[in-house]
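*Asks:* First the structure, which I've put down as structure tokens, then a few questions once you've had a look.
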Amino acid sequence: MVNLAIFDYGAGNIFSLKNSLEQAGASVDVITSFDKPNVYSGLLLPGVGNFDPAIKSINENSKTKFHDYVKEDTPVLGICLGMEMFFEKSEEGIEKGFNVIDGEIVVLPSTMKVPHMGWNNLEIKKSGTILEGVDDGSWVYFVHSYRAKPKFDDVITAESDYGVKVPAVVEKNNFFGTQFHPEKSGDVGKIMIQNFLNVCKK
């Protein structure tokens, strides 16, 4: 069985994410620090909360640094805010991100309805681990006010069009990110969660 950890920033309900992972056959612990040895085959950074409080929750509650905890072999799935923390910085706050992907997080244009909330379709740019078995044009569920602006486009495996192109899925090494919420995205989301579990089994 795949044993996963969800980091709880204390910002809100992560029950639906935990439930989705357990339905896919994973054993799930909710953690609030990186102080115990990493016995997990995968880590999830959920999409609930705000950038600065979430970064502080991880940095200030853990003697072990994020990079030292996950190293280069623990698969990490960042969802919405969790994905945004992969980048260098965010316009939502002043804290530094984890800088595992070059680039920044910027607010959606004021010409759009913000937050972007609801279903939107994926434009798959290239094959990716999380997208295996997902059809181009599949619909997924978004709730966000910010978007990623990677320095290099090669990390983007799928986009979504919201009047502006929004990187919807990013992948780099052992880091996988979705701007949308797979746990709220029906059967398509279940495929992606299962794909992540498959990575964690390796």
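*Asks:* With a/c under 1.5 counting as rounded, go ahead and sort the range 59-100 into rounded, prolate or oblate using the C-alpha gyration tensor (a ≥ b ≥ c being the square roots of the eigenvalues; past the cut-off, prolate if a/b is larger than b/c, else oblate).
*Replies:* Values: a/c = 2.07, a/b = 1.32, b/c = 1.57.
It is oblate, given that a/c is not under 1.5 and a/b is not larger than b/c.
*Asks:* Of MET192, MET112, which has the most accessible area and how do the rest follow, probe 1.4 Å?
*Replies:* Working: MET192 5, MET112 50 Å².
Result of the area sort, largest leading: MET112, MET192.
*Asks:* For the range 3-201, report the accessible area per residue in Å² (1.4 Å probe, heavy atoms, rounded to an integer). Mind dumping the intermediate values first?
*Replies:* On the way: 9060 Å² over 199 residues.
Per-residue accessible area for the range 3-201 comes out at 46 Å².
*Asks:* Next question. Mind jotting down the distance between the C-alpha centroids of the range 1-40 and the range 138-202, whole Å?
*Replies:* Going from one Cα centre to the other spans 19 Å.
*Asks:* Return the carbon/sulfur percentage of the accessible area of the range 63-201, one whole number, probe 1.4 Å, all protein chains in place. Don't skip to the end; give the middle numbers.
*Replies:* On the way: 3060 of 6440 Å².
Reported share for carbon and sulfur atoms: 47 percent.
*Asks:* Could you tell me whether the range 124-167 comes out rounded, prolate or oblate from its Cα gyration tensor? Rule is a ≥ b ≥ c as square roots of the eigenvalues, rounded for a/c under 1.5, then prolate if a/b exceeds b/c, otherwise oblate.
*Replies:* Numbers: a/c = 1.98, a/b = 1.18, b/c = 1.68.
Since a/c reaches 1.5 but b/c is at least a/b, the shape of the range 124-167 is classed as oblate.
*Asks:* If you plug each phi of the range 106-117 into the Karplus form 6.51 cos²θ - 1.76 cosθ + 1.60 with θ = phi - 60°, what whole-Hz ³J(HN,Hα) values come out, in order, with x for Gly and Pro?
*Replies:* Listing the rounded values in order: 10, 6, 5, x, 5, 6, 9, 6, 10, x, 6, 10 Hz.
*Asks:* Within the set LYS65/LYS125; LYS36/LYS202; LYS56/LYS151; LYS36/LYS125, which residue pairs have Cα atoms separated by over 28 Å?
*Replies:* Numbers: LYS65/LYS125 33 Å; LYS36/LYS202 22 Å; LYS56/LYS151 24 Å; LYS36/LYS125 38 Å.
Exceeds cut-off: LYS65/LYS125; LYS36/LYS125.
*Asks:* Heavy atoms only, 1.4 Å probe, whole protein assembly: order THR74, THR111, THR129 by accessible area, highest first.
*Replies:* Numbers: THR74 10, THR111 120, THR129 50 Å².
The ranking, largest first, comes out as THR111, THR129, THR74.
*Asks:* In what order, largest first, do GLU22, GLU92, GLU72 sit by accessible area if the probe radius is 1.4 Å? Walk me through the numbers before you get to the answer.
*Replies:* Values: GLU22 75, GLU92 55, GLU72 170 Å².
Final ranking, largest accessible area leading: GLU72, GLU22, GLU92.
*Asks:* Next question. What fraction of the DSSP beta bridges in the range 3-201 is antiparallel, stated in percent and rounded to the nearest 5?
*Replies:* Details: 22 of 39 bridges.
Percentage antiparallel, nearest 5: 55.
*Asks:* Under the classification rounded if a/c is under 1.5, otherwise prolate if a/b is larger than b/c and oblate if not, where does the range 56-202 fall, given a ≥ b ≥ c as square roots of the Cα gyration tensor eigenvalues?
*Replies:* Details: a/c = 1.73, a/b = 1.12, b/c = 1.54.
Taking the square roots of the gyration eigenvalues as a ≥ b ≥ c, the range 56-202 is oblate.
The values are calculated or read from the model by the stated rules, or taken from the named source; none is laboratory data. Keep in mind that what you see is a predicted model, and the values were worked out from it rather than measured. Just so you know, the surface numbers come from the protein's heavy atoms only, side chains and all, with ligands and any DNA or RNA stripped out. Shrake-Rupley method; radii C 1.70, N 1.55, O 1.52, S 1.80 Å.
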